[in-house]
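The values are calculated or read from the model by the stated rules, or taken from the named source; none is laboratory data. In this text the structure is predicted, and so the values were computed from the model without any measurement. Reconstructed Cβ throughout: ideal geometry from the backbone, glycine too, with neighbour counts over all protein chains shown. Accessible surface areas use protein heavy atoms only, side chains included; no ligands, DNA or RNA. Shrake-Rupley method; radii C 1.70, N 1.55, O 1.52, S 1.80 Å.
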Amino acid sequence: VRSLLHLLSNTKFPRLLCSSLPGDITQKGYEKKKAKLLGPYIPQIQNVDPSVQQTPGPSSDPAPSPDAGPSSSTRHHRSHRSGGARDDRYRSDIHTEAVQAALAKHKEEKMALPMPTKRRSAFVQSPVDNCTPPDTSSASEDEGSLRRQAALSAALAQSLQSPDYWINRSLQSSSTSSSASSTLSHGEQKSQGPAQQPQLSLLADVLAHTRIGNVSVPPDVTSSTSQDRGSRVDMPPIVRGMSREQSRSSMLDTADGVPVHSRVSTKIQQLLNTLKRPKRPPLSEFFLDDSEEIVEVPQPDPNTPRPEGRQIIPVKGEPLGVVSNWPPALQAALARWGATQAKSPALTTLDHTGKPLYTLTYGKLWSRSLKLAYTLLNKLGTKNDPILKPGDRVALVYPNNDPGMFWVAFYGCLLAEVIPVPIEVPLTRKDAGSQQIGFLLGSCGVGLALTSEVCLKGLPKTPNGEILQFKGWPRLKWVVTDTKYLTKPSKDWQPHIPTANTDTAYIEYKASKEGTVMGVAVSKISMLTHCQALTQACNYCEGETLVNVLDFKKDMGLWHGVLTSVMNRIHTISVPYAVMKACPLSWVQRVHIHKARVALVKCRDLHWAMMAHRDQKDTNLSSLRMLIVGDGANPWSVSSCDAFLNVFQSHGLKPEVICPCASSPEALTVAIRRPGVRGAPLPARAILSMAGLSHGVIRVNTEDKNSALTVQDVGHVMPGALMCIVKPDGPPMLCKTDEIGEIVLNSRAGGTMYYGLPGVTKNTFEVIPVNSSGAPIGEIPFTRTGLLGFVGPGSLVFVVGRIEGLMMVSGRRHNADDLVATALAVEPVKTVYRGRIVVFSVTVFYDERIVIVAEQRPDASEEDSFQWMSRVLQAIDGIHQVGLFCLALVPANTLPKTPLGGIHVSETKQHFLEGSLHPCNILMCPHTCVTNLPKPRQKQPVGVGPASIMVGNLVAGKRIAQAAGRELGLIEDQDLFLSEALQWRAQTDPDHVLYVLLNAKGVAVSTATCLQLHKRAEKVAAALMERGGINTGDNVVLLYPPGIDLIGSFYGCLYAGCIPVTVRPPHPQNLSATLPTVRMIIDVSKAACILTTQLMMKILRSKEAAASVNIKTWPTIIDTDDLPRRRPPQIYKPPTAEMLAYLDFSVSTTGMLTGVKISHAAVSTLCRSIKLQCELYSSRQIAICLDPYCGLGFVLWCLCSVYSGHQSILIPPMEVEISLPLWLSALSQYKIRDTFCSYSVMELCTKGLGTQTEILKVEHTHTHTHSIYFMLMFTCVCVQARGVNLSCVRSCVVVAEERPRLALTQSFSKLFKDLGLSPRAVSTAFGSRVNLAICLQGTAGPDPSTVYVDMKSLRHDRVRLVERGAPQSLPLTESGTILPGVRVIIVNPETRGPLGDSHLGEIWVNSPHSASGYYTLYGEESLQADHFNTRLSFGEPHTLWARTGYLGFVRRTELLDASGDRHDALFVVGSLDETLELRGLRYHPIDIETSVSRAHRSIAESAVFTWTNLLVVVSELAGSEQEALDLVPLVTNVVLEEHHLIVGVVVIVDPGVIPINSRGEKQRMHLRDSFLADQLDPIYVAYNM
């Protein structure tokens, strides 16, 4: 194999093969030749594994195509189809070789790109829509050279492997030889080394981190500072009876922490391996603090090539000759021919098959134009009030297959002295760029449109038959110009034909890079002068025949085929685009039949004709004296011209007739190659270095042939014009002779302005070049052409690109067309359509980033596409030395088209940025191409020394950041124990209702008075003592749905002297996920017994439960539904208040299950503290819509009412899920003043009822909602919700252990303001594991304050307050007033020194109601001491503090608290355990998630976590699955832009996949574990390179 591949990649062999193939070799003949040539080598590969030896034989690929496309039948069928707009002019063979060589270099490095994971259901293409090839796709796979490329067999053997095989080996590529059609080979080719032998390595190899290349360790782009948080210890690790660290190390075997059996982690490991490959040396890295800008432009490289020539001298065209019979105006020429040569043919149009349809003579053209002019001026409107006056602008809307009507309309307008504005026919309301055409019509003040009857019928209409109002268009009156509707002018009427002057003659539209469409006004004198200049340059003679394939409405098609042809009485044969699609040879046949002297084409037409020329043996092109190539200025046109000449030279085509030209909408024709003399040498080519071009200098390519650009000249500057080259950006300074710049032109034959846009006009049409010292070189103004180029030897003009295709990446210039060419030179075996590829740049993080979008063939497999994409990356990296940011493949026929079938670039870019491109494959490479990130921050080690006061960042004179609630006062004796409080209430006020439980219908399903609750507790206590055999101090698990049973059982445990542990019951429909947690808590708490309901008891013992846990080992289960009326022998009273009252178990957001011990003293002081803060007493009612299993939710649900005597309306959150208005209607019905809820409940109401506030009101008999549908949908829900009035609510507190969600609370307040909710009512509470309630906004105290902090500073653990609306600002709101008896202080978590006011640090709390410690399996004393009884390193060494594990800061506000002192506000920023340390900075996941959720309307929720220093973003997709891949670039962009982080993996999942706990907090660590265990069933996983 190796010797064969060596042979195939050697350059002499393909040349031999190509030269031995005659022009039209048959497949059979080809196979024979090949067999003969390869014969001697065949035995060597007899014993090779057949899977490797995939050289295609006659059966596998019968068609002689270089692209190895589908079977011959499909290919034969397609050979009659069209080619793309840009097609094979890009396929310079030299370039193909260069690309193959660049790819060959990459073979040395082992590429193990992780394939994206895609759900199979996603993107099933419908057979009708997407499988038809796009109408502009190129004919065929057999493009480019029509000879067989010998090395293809090697390429196929390498590229068509199975995906796994492909992923794990170096990306192989083939070297395609220069074909016989190439006339561009310069010198000998470098022979390629032998291709690497296939190594069937396994994924295991990938995991072994062998570094490639350098021996020294390459820079690791992914690494960041270690995750060590100093003395911070993880929360207690009860999950699997081992610490998180232990569990991690035992679970993971490989060095980088990859679970061995996980597909996902394997892919991430591959990704890391590819990222660790040494890249080009990155641009200089640095880190700047907030005061400066984030990124600075890197210092220029001293080796950059610089221009060394002298300053350019303006180049003059030959003088414009004066011919005596040239008409004084173009209309005069038409009048003359109409009178003297009436029978002479002016225009022949073709039908859709390519046969002549009708011929318009000069006589007819003149008479019809005259009629139209008369009709426009005299028959529209009334005599006194005509609709059109000379000088008005009129839109010309004619299809491309009707040039005759267009000619009449155009000349009719000129004769009537109104200004024609030709535009495309709008086909739908959503045409690509249609809105911009509206902008053009508006800026030109167009109110009238001329069209043909047929075209008018085809325009989209409203149901009542009126023409649709197109998006962004002004209102238009439509006038039909068919002859039968025109009026013959009266005898005395003659058109006014003045001598050409500077008035505007017509307006030609032009689209800018951003997609804006502007009108270039061409004056009458410019129009005439331009025709004269073209006549002189092209040597037009009267009566010649011209074949025009170009669009006759603008550009070369209009200038040559409509204007200059009439001036010279030329016979034009117009070949419309539709004919070219059906019969690509039609223009060649027309030249042959009419013996045409001139043909006007684009490279695309040359290419199509070449593809189809086999069908025509007898065409003869010897009559052509000039073949004008309209887009000859494109650097890649040279290969099309050469290939066309190669094929048609035998048909009489002379080499010297090919005339490329350069034009621009503003300057009209810039330069054109004059037809050559027979036998004279052809002009030389320029072979330029791509690297030089990227720095804007001209360097002849000598060293590396792979990165050469071969360009042909576009002839000399136009007669009568003056040309300069100026710098494209900044002031128009003249370039040096070896510098690339923008061509500017001074000529009487150019455009005069952008109509109606004087500001933009000045910068384009009135440029005065300056010399190196900045002085203007003269008075005369030049026009910018938008072309980049230089003047070569002999004053020949060379164009190397366009301003609109220019992309500046890291200070270097790249041209979109060059990148397209490189992408297409990577053999797209069955992957993409040639003409349907587009390149543009988007600005992300202070630099332009390159994006390539292409249409994928319907039959391309995922692996093919991915392989093609990765090879394009390598080719562009190798040849252009620039990284691609994004490569996207979209389904066939889905990119927005221009009217003539090209791709609408700006519209495509718009779709990409809006997330409406809907790719089917995408590859993002931010790691490789974003080189301007700041350097990772290095943390300074801090030791506690004598200057301790500085350790906490405390500056002398600055207040220590601490705050305290008001005094708690003395605790009354009867309140000491809750069990005693309940007994006392049962005696003193037995019938007082403490609890009311509501169901989904808002009905009170059960209530409990003081006495009922006491009796129930007694029954439970008795059952525990008798049936459970429980000893004092045993733990008892309570497994109940939210309700009164739970409360009764809790007090029953207290009465019996047991320690209750409340546990959320498992979900009956999801036992496998929820039961193990229940089991874990039961095991960890060593429960002696379980109290539960009958139903739950059945579930615990069911078969379904047995599938998840061992049901035989449950402790005693007591069902408390029908207990006998028994009283316990005595009610237990704890000997001291320090005894445990209950255990509080909760799973933290980091996935840690933590149980804390709450003593009787803590319970009493906490209840007293809440009673004081919220002013609770017996006559009050509060509503609680929280889960009653842990934290403050449990305290409010079970404890507070018994302590304070107020009535609690209990609303289980799961009932709110069934009936959304339940909570709000209960507030209104019971006139509740204080209510407590969770974020999940608030979010349910905001999302579900947001549009329904009108329905919820009672006063409104009629409603104003958006739609009847909503009304019907919600009528059933809102029956009990009518009459909701929330003006009674004084405080609505959201209970949470996180940073307040300001956006949610604000939108809730705004939405329900209509129902009377006071904007001041909503506030938040804050608690943590070590202290269940630290802050709670009560009745007294000032309103919570909001501040704006700078996010950049937060990442550095600093707080910098900024104004609202400042860039990178984050709004934070106070977490509620600090509870009575609570003190907080802000501490540096590493040094444990106190911090100053407005500094970020860990919140420590000192309070009598802090928990007593963790309840763990092993007595981890150090952890207890560290979290619960810890001391400051200086300042106040005797106080014991509990560490909350949350970062926050205290800020003294201007507000006064109840005691009249200034109020200290506590702001919670986030959990320390949740923070991500990336690049040495500290990030809070919620901030990144907020940015991600804003990136696209279909992102419902998102979560982020890190894995081996890679940032993983998981987004829930609320839209259709075809939008999944749209999210990948948007998510990557927004995180890079706002957080300066590169996303490593983007995971798109279904709504509801991100796990959320009962408090509405995301369980990011659970998500991470599920992702790594491959359990998410994602829609799409993208691994960013």
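Using only Cα atoms, figure out Rg for segment 1499-1585 and give it as a multiple of 2.2 N^0.38 Å. Please report the intermediate quantities before stating the final value.
On the way: Rg = 12.2 Å, N = 87, 2.2 N^0.38 = 12.0 Å.
Segment 1499-1585 yields a ratio of 1.02.
Sorted by accessible area with a 1.4 angstrom probe, largest first, how do 1168, 1462 fall?
1462, 1168
Provide, as a two-decimal number, the C-alpha radius of gyration of segment 703-776 over 2.2 N^0.38 Å, N being how many residues it has.
1.37
In terms of the ratio Rg/(2.2 N^0.38 Å) built on C-alpha atoms, what value belongs to segment 730-861?
Working: Rg = 18.9 Å, N = 132, 2.2 N^0.38 = 14.1 Å.
Dividing the Cα radius of gyration by 2.2 N^0.38 Å gives 1.34.
Could you derive backbone 3J(HN,Hα) for segment 484-493 from the dihedral phi with the Karplus parameters 6.51, -1.76 and 1.60 (θ = phi - 60°), listing whole Hz in sequence and x where the residue is Gly or Pro?
Ordered by residue, 3J(HN,Hα) equals 5, 9, 9, 9, 6, x, 5, 4, 7, 8 Hz.
Order these peptides, 1232-1239, 350-357, by their mean beta-carbon neighbour count within 10 angstrom, highest first.
Result, highest mean Cβ count within 10 Å first: 1232-1239, 350-357.
Roughly how many Å² of residue 690 are accessible to a 1.4 Å probe, to the nearest 10?
So the heavy atoms of residue 690 present about 10 Å² to solvent.
Applying the Karplus parametrisation 6.51 cos²θ - 1.76 cosθ + 1.60 with θ = phi - 60° to the phi angles of segment 1228-1233, what ³J(HN,Hα) value in whole Hz is obtained for each residue in order, glycine and proline being reported as x?
5, 5, 8, 6, 6, 8
I need the phi-derived Karplus couplings for segment 360-375: 6.51 cos²θ - 1.76 cosθ + 1.60, θ = phi - 60°, integer Hz, Gly and Pro marked x.
Computed from phi, the couplings for segment 360-375 are 9, 8, 4, x, 5, 4, 5, 5, 5, 5, 5, 4, 5, 4, 4, 4 Hz.
Using packing as a proxy for protection, rank 722-735, 1428-1441 so that the peptide with the highest average count of other Cβ atoms within 10 Å comes first.
Output ranking for 722-735, 1428-1441: 722-735, 1428-1441.
From zero outward in steps of 5 Å, how is the percent of C-alpha pairs of segment 617-699 spread across the bins?
Percent of Cα pairs in each bin: 3, 13, 18, 22, 18, 13, 7, 4, 2, 0.
Give me the percent of accessible area attributable to carbon and sulfur for segment 1430-1492, probe 1.4 angstrom. Walk me through the numbers before you get to the answer.
Numbers: 1020 of 2040 Å².
Ligands and nucleic acids excluded, carbon and sulfur reach 50 percent.
Need the full-extension length gain, residue 748 to residue 773, defined as separation in residues times 0.36 nm minus the C-alpha distance. One decimal, nm.
Contour length minus Cα-Cα distance gives 6.1 nm.
Distances over 23 Å make up what percent of all Cα-Cα pairs in segment 800-932?
Values: 2307 of 8778 pairs.
Tail of the P(r) past 23 Å holds 26 percent of the pairs.
List every residue whose amide H lies under 5 Å from the amide H of residue 1009, counting only residues 5 or more places away in sequence or on a different chain, with H placed 1.01 Å from N in the peptide plane.
994
Might you work out the accessible area of residue 830 for me, using a 1.4 Å probe with all protein chains in place, and round it to the nearest 10 Å²?
Surface open to solvent at residue 830 totals about 50 Å².
Can you send over the solvent-accessible area of residue 1158, 1.4 Å probe, protein chains only, in Å² to the nearest 10?
10 Å²
Taking 0.36 nm per intervening residue step and subtracting the Cα-Cα distance, what contour gain separates residue 843 from residue 687 on full extension?
Going from the current span to full extension adds 53.0 nm.
Amide H to amide H, which residues 5 or more places from residue 1446 or on other chains are under 5 Å from it, using H placed in the peptide plane?
Long-range HN contacts for residue 1446: 1403, 1472.
Enumerate the amide H contacts of residue 1501 below 5 Å, restricted to partners 5 or more residues apart or on another chain; note that Pro and chain-start residues carry no placed amide H.
The answer is 1516.
Which order do you get for 1288, 1245 if you rank them by accessible area with a 1.4 Å probe, largest at the top? Working shown, then result.
Values: 1288 35, 1245 0 Å².
If we order 1288, 1245 from most to least accessible, we get 1288, 1245.
How big is Rg to Rh over segment 674-743, alpha-carbon atoms, Rh as the Kirkwood inverse-mean-distance radius?
1.04
Which order do you get for 807, 611 if you rank them by accessible area with a 1.4 Å probe, largest at the top?
Numbers: 807 5, 611 25 Å².
Heavy-atom accessible area, descending, gives 611, 807.
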